[in-house]
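Notes follow the structure.
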Amino acid sequence: QSALTQPPSASGSPGQSVTISCTGIRSDVGAYDYVSWYQHHPGKAPKLMLYEVAKRPSGVPDRFSGSKSGNTASLTVSGLQAEDEADYYCSAYTLSDNFEVFGGGTKLTVL
Amino acid sequence: QVYMVESGGGVVQPGVSLRLSCAASGFDVSSHGMHWVRQSPGKGLEFVALMWAHGRDQNYADSVKGRFTISRDIPKNTVYLQMNNLRAEDTAVYYCGRDLAYGALDFRGQGTLVTVSS
């Protein structure tokens with residue numbers, strides 16, 4: 001069982017927006033604004049899409065945005081494109097010795 | 001250009017040891033926290049171990065504590081994961097990543113597959 005809870009799947013048509021949630025507890029998601037999101041295509045390296053809740057690394061389109069409220073963080077993908085189809089994982093810095101925890105992943109399907 | 005190449009995986013029997021390597025280039029492993037993260041078949045990503053940039057501290061997942069050890073060789077710019085007493089549940093693709101900011105990880109390699117099976 002993953003430490004952070006994500007829906008197993010999400011979907012949307014090209015051009016639409018989809019939001020993926022990531023729910024933790026007060027000692028991880030709720031503790032700091034150190035939530036990251038990764039895009040993972042099977043067989044490839046996970047790609048950092050957002051960090052510190054809503055910051056985008058260089059090269060990540062502004063169609064990807066993030067937010068957080070309490071113990072739940074969210075990733076929104078606007079203007080869905082076929083290449084956005086992938087698995088998405090959230091992670092959060094945690095006050096425990098484990099340092100960070102991941103969500104179970106959400107498979108995003110572009111219909 | 002930043003590169004990280006994982007190697008050392010393979011098929012091993014339960015109870016044996018294996019050492020994974022993460023050879024880095026384009027940056028210094030001593031300037032970043034370096035993580036090992038794994039993905040078991042059909043499952044999500046899981047934190048395994050962290051070597052802090054200063055080198056004085058390491059963190060481990062509860063599931064590997066006491067069995068796995070993370071280390072680094074600064075002249076070789078390489079990070080290692082020594083895995084002892086391997087179990088079937090350690091079967092996974094192992095990735096190394098550099099920490100950009102409090103767990104925001106930059107991954108570049110395709111990982112190395114470890115299969116533990118009798």
Where the centroid of each part is defined by its Cα atoms, how far is segment B:63-115 from segment A:1-35 in Å? 25
Give the long-range amide H neighbours of B:ARG87: residues separated by 5 or more places, or on another chain, with amide H under 5 Å away, using H modelled in the peptide plane at 1.01 Å from N. B:GLY15
With no solvent and one equal point scatterer placed on each C-alpha of segment A:1-59, evaluate the Debye formula and give log10 I(q)/I(0) for q = 0.19 Å⁻¹, two decimals. -0.92
Diffusion coefficient, µm² s⁻¹, Stokes-Einstein with Kirkwood Rh over alpha-carbon pairs of segment A:58-104 at 37 °C and 0.692 mPa s: 258
Among B:LYS65, A:LYS47, which comes first, then next, by fewest other beta-carbon atoms within 10 Å? B:LYS65, A:LYS47
Evaluate the distance, in nm, between pseudo-label points positioned 7 Å from the Cα of A:THR76 and of B:ILE74 along their respective Cα→Cβ axes. 4.5
Project the alpha carbons of chain A onto their principal axes and report the range along each, largest first, in whole Å. 39, 26, 24
Compactness index (Cα Rg / 2.2 N^0.38 Å), chain B: 0.98
With charges only on Cβ, +1 for K and R and -1 for D and E, what is the dipole size of the protein assembly as shown about its Cα centre, in debye, rounded to 20? 220
Over 30 Å between C-alpha atoms is what I'm after, so list which of A:LYS44/B:LYS65; A:LYS55/A:LYS107; A:LYS107/B:LYS76; A:LYS68/B:LYS76 land there. A:LYS107/B:LYS76; A:LYS68/B:LYS76
Label-point separation (nm) for B:ASP28 and B:ASN85, each offset 7 Å from Cα along Cα-to-Cβ? 3.6
To the nearest 0.05, how large is the calculated FRET efficiency for B:LYS65 and A:SER13 if R₀ is 45 Å and r is the Cβ-Cβ distance? 0.50
For the protein assembly as shown: span of alpha carbons on each principal axis (Å, largest first): 49, 38, 36
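Every read-out reported here was derived from the displayed coordinates using simple, explicitly stated rules and does not represent laboratory data. Treat the numbers as computed from the prediction; the structure is a model and nothing was measured. So basically every Cβ, Gly included, is an ideal-geometry build from the backbone, and we count neighbours across all protein chains shown.
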